[in-house]
1. Based on the alpha carbon coordinates of the stretch 106-151, what radius of gyration and maximum Cα-Cα distance (Dmax) apply, in Å?
2. Which value in Å is the Kirkwood Rh of the stretch 27-124 over different Cα pairs?
3. Remind me, relative contact order of the chain in percent, using alpha carbon pairs under 8 angstrom and six or more residues apart?
4. Extension gain Met256-Asn111, at 0.36 nm per residue separation less the Cα-Cα distance, in nm?
5. As I understand it, the value is the acute angle between the Cα axis of helix 281-300 and the longest principal axis of the Cα atoms of the chain; what does it come to in degrees, rounded to 10?
6. Pairing the Cα long axis of helix 182-194 with the longest principal axis of the chain, what angle in degrees results, from 0 to 90 and rounded to the nearest 10?
7. Provide the gained length on full extension for the span His29 to Val381, in nm with one decimal, where the gain is 0.36 nm per separating residue minus the Cα-Cα distance.
8. On a 0 to 90° scale, report how tilted helix 62-72 is relative to the longest principal axis of the chain, with both axes built from alpha carbons and the result rounded to the nearest 10.
Amino acid sequence: MRPAAIFCLVLAAAAMPCIAEGHTRSQSHSVWEINGRSVDVIVTIPDIEANRLGGDAAPVSSARLSDYLAEKTYALADGKRCALIPPVQPLSALPGFRKFDFTFRCDSAANLQIHSGAFFDLVPSHTNFAQVQNGQSGEFTEQLITREHQTIEVTGGAGSRLKNASFFEFIRMGMMHIFSGVDHMSFLLGLVLISRRLRDLVFVVTGFTIGHSLTLALAVTGVLRPHAEYIDALVALTIALIGAENIVVQTHRPRMVALGAALVLGLMALFQLLGFGGLPSLLLLGAGLFAANYLLISGNIRDAGRLRVLITLVFGLIHGFGFAADLLEMQLPTERLAALLVGFNLGVEIGQVVLVIGATMLVLALRKLHLALPRPVVVDVASAFLVGLGVFWFVSRSYA
């Protein structure tokens, strides 16, 4: 079978676990309406989530579910919890869903926050998709509520800043995401190391740009909502794989490195099946299959420059979800999503170019001053560092 065909099969196998996980994600939905000191919220819960309260043994009563939601879901003003105005109203909902209406009365309309902690004690990866409407200002925002980010600023928070921010502020946010992200900078360093010619560097940066631009847009607009903890771990895996590719290209011994990568990921999948946590076993097996074949192909192709366009495109898809993580922790003004995406993505590209050019200029300056070490030594040391760093982050994030 031709390498290209093998590569396509590997990509399909690696993508299957991600698709499978998308069907079992724990999630709920809430709509908040702010009117001065009054806050109204309608919470919609799938039956499969509601029944977790009873251990999936029997349907949970509406009274028990509403009491649980009232304890975990509320508004705050000046840091003080707002009073719940009874009664909690159960509403009609589509088959397979439960819906409740809560109303809160706050002592003040200043510094309002909304909080949702429901189901995180049962499913840590649960996500609540919240929509917030300010009746007085007319501002409408959307937000992902996660275990790490359960409270949202309503007045004077990030949403207001984003709504009034200039296009250049969006660009600055994208640039700072690159400069403050050690994992993304480490990956870009790997791309510089792996590129022997300017043409190769153009290929890998192009593939990476296409990939992360696509998934950044899909995540921010709500088309795809990936598990944040999975993405953080996979970003670390891409760093380790870039370093590993540098090693197999230098040593021309891809089999040993590919076998090691497959063995580590296979053992992690086995541990997950035995109940030791970590990423889903299917995702780990798919990643192991992808990593082994990717390293074997890279080590046996004489000129892998064009192949790396596809590889870095796949890696870019993963990093794009990572770029979106910070944005999804803010209240995103829907009327400015287009400007936000363009500006943020432009800032990311500027940050990438500055880092790549800076690294290249540093190497040229060291060569001119006769201070540069031989390329094989630099590549071997830096690649080993990237592999060690990537593996450490991948394992620690997988079991966090």
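Just so you know, all these numbers are worked out from the coordinates, no wet-lab data involved. Here the structure is a predicted model, which means the values were calculated and not measured. Please note: Cβ atoms are built from the backbone with ideal geometry, for glycine as well, and neighbour counts cover all protein chains shown.
1. Cα only, the stretch 106-151: 12.5, 36 Å (Rg, Dmax).
2. 13.9
3. 21
4. Numbers: separation 145, 0.36 × 145 = 52.20 nm, distance 5.81 nm.
Full extension of this stretch gives 46.4 nm more.
5. Value to nearest ten degrees: 20.
6. With rounding to tens, the tilt is 20 degrees.
7. This chain segment gains 121.9 nm when fully extended.
8. Here the helix axis deviates by roughly 60 degrees.
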